[in-house]
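*Asks:* Right, I'll just put the structure down here and ask away after.
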Amino acid sequence: MLSQDELRARFEERVVRAGRMPPDPRDAGRVGAVAVLRDFSPGTFARSAVAFAREARGTRGMRGTRGDWAAAWYAGFTRTIFLAGDPRNLLERHPCRHLDPDGDIAWYGPGPLADHGALRRLLRPFQGPLGVAVPFVQEIPLDGGEAAGSGLALLEVSAAGLPVEDYLVNVNHLLAEAVLDGLLDGTGRLLIRHVAHEPDPPAGYDRIRVTADPRTPGRLRAHACLRVG
């Protein structure tokens, strides 16, 4: 388990990375993404989150019109709203940017959240049962065209007693920011592992998801870590 000093350092590194891409002040607080989920499965969600972030990043990196919104999304800590619904019933009136091949998840944005006000009023927030499967191990292929490759990444998540909605937030932040940083370029497979304890980051880990510990005020907690290659 990482010390509080190490966790604080990882948290501050994330703040610095986001600060390197300051959005237009008019975008502050209003840029984000929306995901509509029919159901939840760890593999489908991780695959879809990576594919969406790769599309948002664009083939030219974080420049140009698409890249500007991706940079603003990153600067806003990849804020994403998760809604419950069937994407198949929404696409005619609410076309999405990315639809998972199974049709279970539709992604909108990143861009002004006001653009999706009608969708947010139509659907309720996605909520699931307390607890995500532990232990759990699954290797999945990642979509992404030129950004995909033969490399393998490891995602380890502290999932015991974790509500699904918190799982979505933690995993999406970790994967989306890794994609926008180019960290997952050349990665075509992801090994997902759920553990009952705080993850013990493997040697050479590349990213760690750190937030305030909801159970212990004033302390930080590691929720997930990512190792690439």
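*Asks:* Could you list which residues have their amide H under 5 Å from that of residue 192, counting only those 5 or more apart in sequence or on another chain, with H placed in the peptide plane?
*Replies:* Residues meeting the criterion, in which the H sits 1.01 Å from N, are 138, 139, 140, 155.
*Asks:* Sticking with this one: Relative contact order for the range 4-228 using alpha-carbon pairs under 8 Å, separation at least 6, rounded to a whole percent?
*Replies:* Over the range 4-228, the number comes to 23 percent.
*Asks:* By average Cβ neighbour count within 10 Å, what is the ranking of 41-54, 6-19, 183-196 from highest down?
*Replies:* 41-54, 183-196, 6-19
*Asks:* Using a 7 Å offset from the Cα along the Cα-to-Cβ direction at both residue 91 and residue 139, what is the distance between the two label points in nm, to one decimal?
*Replies:* My value for the distance between the label points is 3.1 nm.
*Asks:* To continue, here is another question. Would you list the P(r) distribution for the range 4-228, with all Cα-Cα distances sorted into 5 Å bins from 0 and each bin expressed as a whole %?
*Replies:* Each 5 Å bin holds this share of Cα pairs: 1, 7, 15, 19, 21, 19, 12, 5, 1, 0.
*Asks:* Can you say what percent of the DSSP beta bridges in the range 4-228, counting only those with both residues inside, are antiparallel? Round to 5.
*Replies:* Close to 70 percent.
*Asks:* Can you tell me the dipole magnitude for the range 102-216 around its Cα centre, using point charges on the Cβ only (Lys, Arg +1; Asp, Glu -1), in Debye to the nearest 20?
*Replies:* 400
Taken together, the values in this text are just the output of simple stated rules run on the coordinates, not laboratory data. Predicted, not measured: the structure shown is a model, and the values here were computed from it. Cβ coordinates were reconstructed from backbone atoms using ideal geometry, including for glycine residues, and neighbour counts include every protein chain displayed.
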